[in-house]
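Here is the structure we will look at, set down as structure tokens.
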Amino acid sequence: MSDILRQVDEDLRKEKIHQLWKKYRFYAISFFFIVLIAVIGFQFWVSLDKSKNEKIVNKYINATNENDLNEGLAQLEEIIDSDNIYLSGLAELKIANLNVSNGNKLEGSIRLEKIIKNNKYEPLIKDLARYFLLMLNVDSYSDDEFDNYLKNTKIQNSNLQYMFNELILIRKLLSGNKEESIKGFQELIDIPNVPNDIKIRAKKFIEVAN
């Protein structure tokens with residue numbers, strides 16, 4: 001009887017972990033683009049040549065406010081071909097987001113892979129795409145597929161290093177590697193420079209896992 005109760009308790013714990021991840025992932029996808037716009041937007045405005053780029057900015061704003069999905073995607077595709085790499089990258093990521101938000105996860109993932117492989121983009125753009133891709137597929141990729149996107153990434157030198165570390169620990173937890181993931185989450189909590197929102201999520205994952 002005790003073995004049955006222990007198995008039921010473990011199954012309930014796994015279900016809570018998956019529910020927490022689903023809730024966090026929805027929040028993270030939305031928050032992801034707020035951070036993205038802030039980071040890339042700052043860099044863009046610093047380098048803005050008004051005479052050349054104002055039209056592109058207006059086109060991007062119109063595309064993101066377009067009610068017709070296909071028309072919005074078409075306008076964003078035109079921005080990708082512009083010379084402004086900041087807005088080009090932002091448009092690529094927005095297209096991926098729109099696909100995912102409208103239930104086309106596969107097309108969104110393909111778009112993100114395209115960004116990662118495109119050497120015209122800054123490391124930050126590529127890291128954002130890599131993070132978003134892994135977040136979308138953290139519980140569906142095989143170990144080899146997941147590791148393949150990280151093996152050539154110098155995570156510790158990335159602006160997203162703690163977000164990558166958190167994602168790796170979430171994957172371990174979802175895979176049943178509870179002890180190692182809890183230890184890793186605690187280490188994140190103890191690092192002074194880790195953003196507070198990551199620490200809050202780490203504490204929640206530890207709480208659910210225990």
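Using a cut-off of 18 Å between Cα atoms, the listed pairs Lys126/Lys178; Lys59/Lys126; Lys59/Lys94; Lys172/Lys203 include Lys126/Lys178; Lys59/Lys126 as exceeding that distance.
Calculated FRET efficiency, Asn177 to Ile200, Cβ-Cβ distance, R0 = 25 Å: about 0.70 to the nearest 0.05.
Counting other Cβ atoms within 10 Å as a rough exposure proxy, the listed residues Phe205, Phe185, Phe146 run Phe146, Phe205, Phe185 from fewest neighbours to most. Between Gln186 and Glu54, the distance separating the two model label sites (each 7 Å from Cα on the Cα→Cβ line) works out to 5.9 nm. A Förster radius of 35 Å combined with the Cβ-Cβ distance from Asp144 to Asn67 puts the calculated FRET efficiency at roughly 0.30. What list of ³J(HN,Hα) couplings, whole Hz, do you get for the range 116-125 from phi and the Karplus terms 6.51, -1.76, 1.60, once you set θ to phi - 60° and write x for glycine and proline? So the J values, rounded to whole Hz, are 4, 8, 8, 6, 6, 8, 5, x, 5, 4. On the beta carbon distance between Glu113 and Glu77, with R0 = 22 Å, the FRET formula returns roughly 0.85.
Read the figures in this text as sums done on the coordinates, not as results from a lab. Note that this is a predicted model, so its numbers are computed, not measured. Positions of Cβ are generated from backbone atoms using ideal geometry, with glycine treated the same way; all protein chains shown enter the neighbour counts.
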